[in-house]
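Working notes for the structure below.
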Amino acid sequence: MLRTLLTLLLGVGAAGSLPTSPAPCEVHLVLAHQPQLLAASGVCHSLLDQPASYRYELVARRWGRNSSTSTQGGAFELGPHQEAQLSKTTVNVGPADHYLLRLRVYNAAGQLVAQDSVRQDP
């Protein structure tokens with residue numbers, strides 16, 4: 001049986017600590033499961049009343065009989081309360097494979113401000 005753990009951490013500050021101020025944005029991974037394939041896209045939604053610049057990183061790791069890691073990332077800007085799709089990726093996964101997808105968003109100062117992750121352990 002496949003177990004999927006979805007963790008959503010919003011408003012994560014520098015060094016992974018939770019800040020006391022509200023998060024400037026929310027991120028989430030959108031998943032589509034197909035036989036032997038997992039498609040994921042990362043989405044970010046601004047909670048601010050003004051534009052802001054960010055950088056994202058999406059890491060996809062799979063391990064089991066074989067292993068692979070892929071990383072996507074880049075800079076982006078969101079307008080007030082705007083939502084944007086940041087990235088898409090697909091991972092070949094079998095019933096015995098483990099996988100971890102992690103989406104992180106950093107502000108212009110390089111501080112981690114939002115993240116979402118999904119992990120499967122067979």
> Counting only residues that are surrounded by 13 or more Cβ atoms within 10 Å (Cβ to Cβ), more than 14 Å from residue 39 (Cα to Cα) and not aliphatic (A, V, I, L, M), which one in the range 96-110 is nearest to the chain's Cα centre (by Cα)?
Replying inline: 104
>> Need the failing condition index for residue 93 against (1) under 13 Å from the mean Cα position of the chain (by Cα); (2) closer than 14 Å to residue 120 by Cα, just the number.
In response: (1)
> Only one of (1) touching a helix residue (DSSP H, G or I) at 6+ places or on another chain (Cβ under 9 Å); (2) surrounded by 13 or more Cβ atoms within 10 Å (Cβ to Cβ) is not met by residue 56, so which one is it?
Replying inline: (1)
> How many residues does the range 74-95 contain that are surrounded by fewer than 17 Cβ atoms within 10 Å (Cβ to Cβ) and at pLDDT 95 or above?
Replying inline: 11
> Does the range 8-23 contain any residue that is part of a strand (DSSP E or B), β-branched (Val, Ile, Thr) and either loosely packed, with under 13 Cβ neighbours inside 10 Å or at pLDDT 90 or above (or both)?
Replying inline: no
>> List the residue pairs whose Cβ atoms are under 9 Å apart, where the first residue sits in the range 26-44 and is farther than 17 Å from residue 119 by Cβ and modelled with pLDDT of 95 or more, the second is in a strand (DSSP E or B) and aromatic (Phe, Trp, Tyr), and the two are 6 or more positions apart or on different chains.
In response: 44/54; 44/56; 44/76
> Which number in (1) touching a residue at least 40 places away in the same chain (Cβ under 8 Å); (2) among the polar types (S, T, N, Q); (3) closer than 16 Å to residue 37 by Cβ marks the one condition that residue 115 misses?
Replying inline: (3)
>> residue 70 - would you say it is under 29 Å from residue 122 (Cα atoms) and loosely packed, with under 14 Cβ neighbours inside 10 Å?
In response: yes
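The values are calculated or read from the model by the stated rules, or taken from the named source; none is laboratory data. These figures come from a predicted structure and were not determined experimentally. In this analysis, Cβ positions are derived from the backbone assuming ideal geometry, glycine residues included, and neighbour counts consider all displayed protein chains.
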